[in-house]
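FYI, it's all coordinate maths here, none of it is from the lab. Model, not experiment: these values are computed from the prediction. Backbone-built Cβ (ideal geometry, glycine too); neighbour counts: all protein chains shown.
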């Protein structure tokens, strides 16, 4: 399976969810701000990256885990990703889109706006990370439900998507 955590910009909830999924972020009860700030792609994707799938790793079941910023027009982006995957020789039925935007909070919205839109990176990134820390329990629940439903890998070969992605 190809598990894609998707949110508006792909810079906050989806990288955190992917890190939780891959066991790179664990919190008892919550991860530190430093751990969140060290997550691959956290607060790094820009508006021009929306619609691009970023591979993050392979989970313990052999599923490829990715992130995606889908913007405000969800359906066209998801259809385009499925079509591209089909054209690359993949089976679109093996793609699972997981909406991580359900866990976003005001701190993440404001922090993302300050950092990504206004260029106030230091302030925005810190605020977004604080929001991600607060959203951690919800994101962990989303990931747990995803793993429970799609834990066992089918016949998906992880390298097939990575080798064809530009």
Practice problem: Please report, to one decimal in angstroms, the Kirkwood hydrodynamic radius of segment 99-152 built from all distinct Cα-Cα pairs. | Solution: 11.7 Å
Quiz item: Using the C-alpha gyration tensor of segment 16-58, what are the square roots of 5 times its eigenvalues, in whole angstrom, with the largest one first?
Solution: 21, 13, 7
Exercise. Determine, from the Cβ-Cβ distance of residue 82 and residue 149 and an R0 of 22 Å, the FRET efficiency 1/(1 + (r/R0)^6), rounded to the nearest 0.05.
Key: 0.75
Quiz item: In deg cm²/dmol and to the nearest 500, what is the mean residue ellipticity at 222 nm of the chain if only DSSP H runs of at least 4 residues count, each as -39500 (n - 2.57), divided by the residue total?
Solution: -12500 deg cm²/dmol
Quiz item: Okay, which of segment 27-67 sit inside 14 Å, backbone N to the point 7 Å along the Cα-Cβ direction of residue 109?
Solution: none
Practice problem: Kindly rank 104-112, 80-88 from highest to lowest mean number of other beta carbons found within 10 Å of each residue. | Solution: 104-112, 80-88
Exercise. Would you please report the Å³ per residue occupied by the convex hull of the alpha carbon atoms in the chain?
Key: 101 Å³
Quiz item: Helix 74-87: angle to the longest alpha-carbon principal axis of the chain, degrees 0 to 90, nearest 10?
Solution: 40 degrees
Exercise. Output the Kirkwood hydrodynamic radius of segment 52-144, Cα pairs only, in Å rounded to one decimal.
Key: 15.0 Å
Self-check item: Computed E for residue 28/residue 52 - FRET, C-beta separation, R0 35 angstrom, nearest 0.05
Solution: 0.60
